[in-house]
Amino acid sequence: MKTKVTIVKDFTKGKVDDKLFSSFIEHLGRAVYTGIYEPGHSTSDEQGFRKDVIELVKDLRVGLVRYPGGNFLSGYNWKDGIGPRESRPVRLDRAWHTIETNQIGIDEFADWAKKAGTEVMAAVNMGTGTIQDAADMVEYCNYPSGTAWSDLRIKNGHKEPHKIKYWCVGNEMDGPWQICHLDAVDYGKKAREAIKLMKWTDESIQTIVCGSASSSMPTYPEWDRIVLEHTYDLADFISIHRYFENKGDDDDFLASFYDMEQFIKTSCATCDYVKALKRSKKEMMLSFDEWNIWYQSKLEPHPWMTEPRILEDHYSLLDALAFSGMAITLLNHADRVKVACLAQLVNVIAPVFTEPGKGAYKQSIYFPFRDVSLYGRGTVLTPIVRTENKLTQAYGEVPAVIFSTIYNEENEEVTVFALNTNKNESSETQIDLSSFGKTQMIMRTELSGKDLGAKNSLENPDAIKTVEISPVQSDNNIYDVNLNAASWNVLRFKICK
């Protein structure tokens with residue numbers, strides 16, 4: 001299989017926002033308890049946060065962490081998680097059929113985020129919660145002092161405001177599974193009034209309204225249109241969510257990026273329709289604040305318990321490759337997707353996995369996420385790609401090899417991310433960088449292997465890992481590289497003066 005990629009400096013798509021490399025922690029399973037928080041663990045700090053997890057999160061350079069949910073959000077009272085721990089109520093979390101001890105709340109999570117080198121993307125309850133609850137949370141978190149809620153924060157040990165800028169107005173309110181599910185009109189009205197009161201409390205915040213929980217929802221994209229007609233002038237983003245799993249056909253699974261791309265395009269078209277309807281000059285941006293590989297079919301009922309082992313998917317090399325296609329798609333739509341949250345961060349469908357009282361390790365999806373976070377910052381270019389297509393049952397013909405190209409003008413570098421989804425055939429690939437003048441390949445890495453079912457574990461943490469390959473040299477800025485079958489590749493080039 002032969003592929004030719006021509007990268008032209010002036011073919012710009014959009015600037016990558018640092019928030020594109022964000023994530024998500026919900027009070028779900030072991031994400032919080034024995035995930036980021038485990039008092040008594042050998043690595044835990046004075047607040048009970050696992051320092052081994054903090055270091056792994058730092059390595060990912062996560063922009064924002066969405067908190068505290070998720071389905072958990074729609075039945076959660078944020079006031080249960082503040083004040084002296086011994087006075088906090090133990091509640092039933094009806095969303096996930098678990099017992100919530102409320103030992104971690106917004107104050108502690110804000111502390112953890114600082115330690116992990118990230119920021120909080122807070123979420124307010126639009127299920128059982130009221131508009132007043134939402135505004136009170138903004139006041140508690142962001143108002144300096146001199147009011148009941150801000151002074152209570154100070155009394156609780158946080159003199160300085162948390163200064164949380166990004167706020168999700170509910171979660172997946174289009175879903176019948178959501179506590180106090182609303183139709184689009186009712187949610188649109190409630191979200192509009194919530195945003196008004198939240199921004200009247202702190203005019204500097206930015207808000208994200210609930211779009212569709214999946215492109216497969218029967219209400220999509222009508223839900224998004226109706227919600228935006230109520231909130232377009234006040235909201236800053238609309239959220240969309242999408243998960244994929246291997247349902248038995250590897251080729252379909254590896255082509256999941258195609259479905260994700262159509263979802264983004266349709267969502268943008270819906271936003272632009274409402275923009276025209278409103279005669280607005282504002283372009284609505286997307287927050288893809290839940291995306292990942294998730295084997296939802298494996299979720300089974302369980303008795304009431306704290307810290308249940310649920311949604312603990314153990315990811316294979318094949319999962320990491322499908323994940324890589326999704327990461328490329330997000331980069332290639334960075335002109336409209338300004339926030340993206342990998343769901344989730346620790347233990348629950350996550351790149352980082354821990355065992356209570358033991359160590360932590362990197363799952364297979366850790367590596368492509370880290371690659372794009374480290375080297376995907378700059379301006380997305382639109383390359384000219386000539387490659388072969390492959391036939392899938394779910395999506396018809398899709399490109400066998402896909403790319404995202406990033407120009408980092410500040411560092412004078414070009415990075416090419418390449419995914420070969422063909423499991424049987426390598427791609428003889430020619431990369432033309434002539435428009436940049438003199439260049440030099442400075443790094444090349446690959447994630448691949450003969451066993452696509454291989455997985456990392458605490459006992460064997462390096463079964464899957466990125467390997468370095470010798471860079472290819474060129475005298476004419478045209479590079480010939482071989483992209484192995486079923487492989488994720490990162491190629492970095494320095495622009496020479």
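Derivation of every value follows stated rules applied to the coordinates shown; laboratory data play no part. A quick note: this is a predicted structure, and the numbers were derived from the prediction, not measured. Please note: Cβ atoms are built from the backbone with ideal geometry, for glycine as well, and neighbour counts cover all protein chains shown.
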In nm, the gap between the two label points placed 7 Å beyond Cα toward Cβ at Leu452 and Glu312 is 2.7
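Could you compute the FRET efficiency for Arg386 and Ser44, with r as their C-beta to C-beta distance and R0 at 51 Å, rounded to 0.05? It would help to have the intermediate numbers written out before the result.
Details: r = 53 Å, r/R0 = 1.04.
That gives a FRET efficiency of 0.45.
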Under 5 Å between amide H atoms, partner at least 5 residues away or on a different chain: which partners does Asp289 have, H built in plane at 1.01 Å?
Ile240, Cys341
Show me the ranking of peptides 336-342, 460-466 by mean Cβ neighbours inside 10 Å, starting with the highest.
336-342, 460-466
Return the calculated 222 nm mean residue ellipticity for the chain, to the nearest 500 deg cm²/dmol, obtained by summing -39500 (n - 2.57) across DSSP H runs with n ≥ 4 and dividing by the residue count.
-7500 deg cm²/dmol
Computed on Cα atoms, the radius of gyration and Dmax of the chain in angstrom are 22.6, 70
Above-threshold pairs, the threshold being 26 Å between Cα atoms, out of Lys13/Lys438; Lys423/Lys494; Lys165/Lys282; Lys15/Lys275
Lys423/Lys494
Once fully extended, how much extra length lies between Lys281 and Gln206, figured as 0.36 nm per residue of separation less the alpha-carbon to alpha-carbon distance?
25.2 nm
Taking amide H atoms as placed 1.01 Å from N in the peptide plane, list the residues 5 or more away in sequence, or in a different chain, whose amide H sits under 5 Å from that of Glu119.
Leu64, Val65
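Could you sort the peptides 78-86, 218-226, 483-491 by per-residue average Cβ neighbour count (10 Å cutoff), highest mean leading? Don't jump to the answer; show the numbers that get you there.
Working: 78-86: 16.0, 218-226: 18.3, 483-491: 23.1.
Final packing ranking: 483-491, 218-226, 78-86.
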How far, in nm, would the chain grow between Asp183 and Gln473 when pulled straight, counting 0.36 nm per residue and subtracting the alpha carbon separation?
98.6 nm
Low-density loop positions, GluC sites (Glu not before Pro), the stretch 260-356 - DSSP coil, at most 12 other Cβ in 10 Å
Glu283
Compute the distance in nm between two label points, each set 7 Å from the Cα along the Cα-to-Cβ direction, one at Ala148 and one at Leu197.
1.3
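If each residue of separation counts as 0.36 nm, what is the full-extension length gain between Asp272 and Glu425 once their alpha-carbon separation is subtracted? Spell out each step's value before the answer.
Details: separation 153, 0.36 × 153 = 55.08 nm, distance 4.03 nm.
Extra length available between Asp272 and Glu425 comes to 51.1 nm.
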Starting from the 7 Å offset along Cα-to-Cβ, what nm value, one decimal, do you get for the label separation of Asp10 and Gln393?
4.7
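Using per-residue counts of other Cβ atoms within 10 Å, averaged over each peptide, order 243-250, 227-234 from highest down. Each step should come with its number before you reach the end.
Details: 243-250: 14.8, 227-234: 20.8.
In descending order of packing, they fall as 227-234, 243-250.
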Gyration tensor (alpha-carbon) shape descriptor, the stretch 188-230, a/c threshold 1.5
prolate
May I ask for the angle, rounded to the nearest 10°, between helix 184-201 and the longest principal axis of the chain, with both axes built from Cα atoms and the value confined to 0 to 90°?
80
